[in-house]
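Scroll down for the structure; my scribbles are underneath it.
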Amino acid sequence: MFTHVMIGSNDLERARKFYDATFAALGGKPGEMDARGRLIYAHEGGRLMITKPIDGKPATAANGGTIGIAAASPDHVLAWHAAGTAHGGTAIESPPRERPNGSFVAYLRDPDGNKLSVRSQPTK
C-alpha cells in the first residue's frame, strides 16, 4: 500500500548517524542522499526518507504517530534498540520485550523526536 514514509529532520547528519546505525542492525544499508538533499533508506521494498521541511519551518515529530519497522528476529530488535540508543535515540515505553501475541517489540524516539517501533513476528 505505501511507497515510502517521509519524516522531517532539523539535522540530516545527526539523523544519518542514527538511521545508518539502526538500519545496519537490521541488515540494511547506509542511507543515500538524493539530488534534492533527502536522505533515503531502501530495504526489502520499503523506503524511509528524511528531509528538512520544504516550507523552511522546523521539523517536528508527529503527536500520536509511530513508524513501524519489521525485523527478522528478536535479536535484530535488540540490536536495533542498542544501536539507536548509542546513536542519539531515546528509549521509550517498555524495554524491548515479547508481547502477549508472541511478537518481540522495541520503541525509540529518533534524535528529532519521531517515534519508531521495531517488531519481529512470533516464532512458531
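Of the listed requirements (1) touching a residue at least 12 places away in the same chain (Cβ under 8 Å); (2) not in a loop (DSSP other than H, G, I, E, B), residue 13 misses just one: (1).
Just checking, does the stretch 59-70 include any residue being of a type in the set (S, T, N, Q) and at pLDDT 95 or above? No, because not a single residue in the stretch 59-70 is of a type in the set (S, T, N, Q) and at pLDDT 95 or above. Scanning the stretch 92-118 for residues that are assigned to a loop (DSSP other than H, G, I, E, B) and open to solvent by 80 Å² or more (accessible area, probe 1.4 Å) returns 93, 95, 100, 101.
Filtering the stretch 29-72 to residues that are among the polar types (S, T, N, Q), open to solvent by 30 Å² or more (accessible area, probe 1.4 Å) and either in contact (Cβ under 8 Å) with a residue 24 or more places away in the chain or more than 22 Å from residue 95 (Cα to Cα) (or both) leaves 60, 66.
Within the stretch 1-28, the set of residues being open to solvent by 80 Å² or more (accessible area, probe 1.4 Å) and either touching an Asp or Glu at 6+ places or on another chain (Cβ under 9 Å) or of a type in the set (Ser, Thr, Tyr) (or both) comprises 3, 14.
Of note, residue 81 satisfies the criterion of being touching a Leu at 6+ places or on another chain (Cβ under 8 Å), without any contact (Cβ under 8 Å) to a residue 60 or more places away in the chain and open to solvent by less than 50 Å² (accessible area, probe 1.4 Å). Within the stretch 37-76, the residues that satisfy the criterion of being over 16 Å from residue 6 (Cβ atoms) and part of a strand (DSSP E or B) are 70, 71.
The values are calculated or read from the model by the stated rules, or taken from the named source; none is laboratory data. Model, not experiment: these values are computed from the prediction. For neighbour counting, all protein chains shown are included, and Cβ atoms are generated from backbone atoms with ideal geometry for every residue, glycine included. Heads up: the accessible areas ignore ligands, DNA and RNA and are worked out on the full protein's heavy atoms, side chains in. Shrake-Rupley method; radii C 1.70, N 1.55, O 1.52, S 1.80 Å.
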